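Everything on this sheet refers to the single structure shown next.
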Amino acid sequence: RNSQYPIIVKSSNGNEQLRNLLEKVRPSSLLHIEFFREMIDFEDDALLQAALQTKNDSDVELLGLGVFGLTEEVNALTKKFDLWK
């Protein structure tokens, strides 16, 4: 999608690194969106929601995390992540 804002894509070394980032992002004022394995498995949002309601955070495989905010704030949280190549 065409965006008027720059988008930087970084890579992680797996679920644990993403979870650590998520723990820092959730209490912040930054907007974010979480991407789970179940989002691939279910095309219907109602089924997805039902599947996620029965699981704890630790039961869900986190595949990605979108973080939106001031460059300085996002960079401070994601400085350990490499640019995606």
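Would you mind stating whether Ile7 is within 11 Å of the chain's Cα centre (by Cα) and either open to solvent by 80 Å² or more (accessible area, probe 1.4 Å) or among the aliphatic types (A, V, I, L, M) (or both)? Here the answer is no, as Ile7 does not meet what is asked. Taken over the range 1-39, the criterion of being over 17 Å from Gly69 (Cβ atoms) and small (Gly, Ala, Ser) is satisfied by Ser11, Ser12, Gly14.
For the range 33-49, enumerate the residues that are without any contact (Cβ under 8 Å) to a residue 12 or more places away in the chain and either surrounded by 12 or more Cβ atoms within 10 Å (Cβ to Cβ) or of a type in the set (Ser, Thr, Tyr) (or both). Phe42, Leu47, Leu48 - these are the residues of the range 33-49 that are without any contact (Cβ under 8 Å) to a residue 12 or more places away in the chain and either surrounded by 12 or more Cβ atoms within 10 Å (Cβ to Cβ) or of a type in the set (Ser, Thr, Tyr) (or both).
Assess whether Ser29 counts as being surrounded by fewer than 10 Cβ atoms within 10 Å (Cβ to Cβ) and not in a loop (DSSP other than H, G, I, E, B). No, not satisfied. Could you please tell me which pairs satisfy a Cβ distance under 9 Å, a separation of 6+ or placement on different chains, a first residue in the range 61-83 that is under 15 Å from Leu18 (Cβ atoms) and assigned to a helix (DSSP H, G or I), and a second residue that is open to solvent by 30 Å² or more (accessible area, probe 1.4 Å) and at pLDDT below 90? Hits for this filter: Val74/Ile8; Thr78/Ile8. Beta carbons closer than 8 Å, at least 6 apart along the sequence or on distinct chains, pair a first residue in the range 13-29 that is under 18 Å from Asn56 (Cβ atoms) with a second that is assigned to a loop (DSSP other than H, G, I, E, B) and among the acidic types (Asp, Glu) for Asn15/Glu61.
The values are calculated or read from the model by the stated rules, or taken from the named source; none is laboratory data. Source: prediction; values computed, not measured. Quick reminder, even Gly has a Cβ in these numbers, built from the backbone with ideal geometry, and neighbours come from all protein chains shown. These area figures cover heavy atoms from the full protein model, side chains too; ligands, DNA and RNA do not enter into them. Shrake-Rupley method; radii C 1.70, N 1.55, O 1.52, S 1.80 Å.
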